[in-house]
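Asker: Take a look at the following structure, please.
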Amino acid sequence: MNDIIKKSKNITLRRTKSTDLEFVISLEREPYNAQYVGQWSKERHMDSLKDRDIVHLIVEDSNTSKPIGYIIMGGIENKDNNIEFRRVVISDKGKGFGRETLKLIKEFSFNQLGAHRLWLDVRCKNTKAQNLYKSEGFKEEGTLRECVIYNGSYESIIIMSILEHEYKNN
């Protein structure tokens, strides 16, 4: 099985290996990232590597082969072709890697996985991510009010999605 999923000029998406999990967990727990993404144990990440309904990927800098982020997608076997873009974390912020990663994820989801709908949730306070998703064709569907706890406080999340025909006409 080929580990490389997608490649662009600057980044490569490849399947996560168990040896990548220390990097993934450290990136997930970094204070800036932790306020926006859920926290999984090493065991939960390890289980996800074997789960056929989940795609766990590493984002690498194509020029250095250095890991610069990770992605988790779920619902790969969803009968309604709804794929959840569960998590994306990029360590090298402000260099366009996030946008390029998102473009590759859309291409992978619609062209290889056969998605009809690619959806995500994003914390209301994460306006930078919301703006990126909107600029890449995602539409806001609604808000789940005070549904996650972070540092003892309830936070709301916004559900966003892009449909296959929106992706293809964009």
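Asker: The conditions are (1) in a loop (DSSP other than H, G, I, E, B); (2) surrounded by fewer than 12 Cβ atoms within 10 Å (Cβ to Cβ), and residue 36 fails exactly one of them. Which is it?
Answerer: Unmet for residue 36, out of (1) in a loop (DSSP other than H, G, I, E, B); (2) surrounded by fewer than 12 Cβ atoms within 10 Å (Cβ to Cβ): (2).
Conditions (1) closer than 21 Å to residue 75 by Cα; (2) touching a residue at least 60 places away in the same chain (Cβ under 8 Å); (3) charged (D, E, K, R), marked per residue:
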position	(1), (2), (3)
127	no, no, no
130	no, no, no
135	no, no, no
141	yes, no, yes
145	no, no, yes
152	no, no, no
162	yes, no, no
166	yes, no, yes
169	no, no, no
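Asker: Here's a follow-up. Where residues in the range 45-65 are free of Cβ contacts under 8 Å to residues at least 12 places away in the same chain and exposed (fewer than 12 other Cβ atoms within 10 Å of the Cβ), which of them is farthest from the chain's Cα centre (by Cα)?
Answerer: From the range 45-65, those free of Cβ contacts under 8 Å to residues at least 12 places away in the same chain are 47, 50-51, 64; that's our starting set.
Subset that is exposed (fewer than 12 other Cβ atoms within 10 Å of the Cβ): 50, 64.
On the way: 50: 18, 64: 22 Å.
Of everything passing the filter in the range 45-65, 64 is farthest from the chain's Cα centre (by Cα).
Asker: Hey, another quick one. Which residues, counting only those in the range 1-12, are of a type in the set (A, V, I, L, M, F, W, C), over 16 Å from residue 48 (Cβ atoms) and not in a loop (DSSP other than H, G, I, E, B)?
Answerer: Taking the range 1-12 first, the residues of a type in the set (A, V, I, L, M, F, W, C) are 1, 4-5, 11.
Filter again for over 16 Å from residue 48 (Cβ atoms), leaving 1, 4, 11.
Residues satisfying the conditions are 4, 11.
Asker: Going by what's in this entry, would residue 105 be described as crowded, with 21+ Cβ neighbours inside 10 Å, over 21 Å from residue 19 (Cβ atoms) and within 16 Å of the chain's Cα centre (by Cα)?
Answerer: Working: crowded, with 21+ Cβ neighbours inside 10 Å: yes; over 21 Å from residue 19 (Cβ atoms): yes; within 16 Å of the chain's Cα centre (by Cα): yes.
So residue 105 passes the test.
Asker: While we're on this one: Quick one: in the range 18-33, which of the residues that are under 15 Å from residue 49 (Cα atoms) and either in contact with a strand residue (DSSP E or B) (Cβ under 8 Å, 6 or more places away or on another chain) or among the aliphatic types (A, V, I, L, M) (or both) is surrounded by the most Cβ atoms within 10 Å (Cβ to Cβ)?
Answerer: In the first step, residues of the range 18-33 are kept if they are under 15 Å from residue 49 (Cα atoms); the result is 18-25.
Now drop any that are not either in contact with a strand residue (DSSP E or B) (Cβ under 8 Å, 6 or more places away or on another chain) or among the aliphatic types (A, V, I, L, M) (or both), which leaves 20-21, 23-25.
Working: 20: 19, 21: 20, 23: 17, 24: 22, 25: 17.
Residue satisfying both the conditions and the ranking: 24.
Asker: Next question. Considering only residues that are crowded, with 18+ Cβ neighbours inside 10 Å and in a strand (DSSP E or B), which ones fall in the range 75-102?
Answerer: Selection gives 83, 84, 85, 86, 87, 88, 89, 90.
Each reported figure results from applying straightforward, stated rules to the coordinates on display, with no laboratory input. Here the structure is a predicted model, which is why all the values come from computation and not from measurement. Note: ideal-geometry Cβ built from the backbone for every residue, glycine included; neighbour counts use all protein chains shown.
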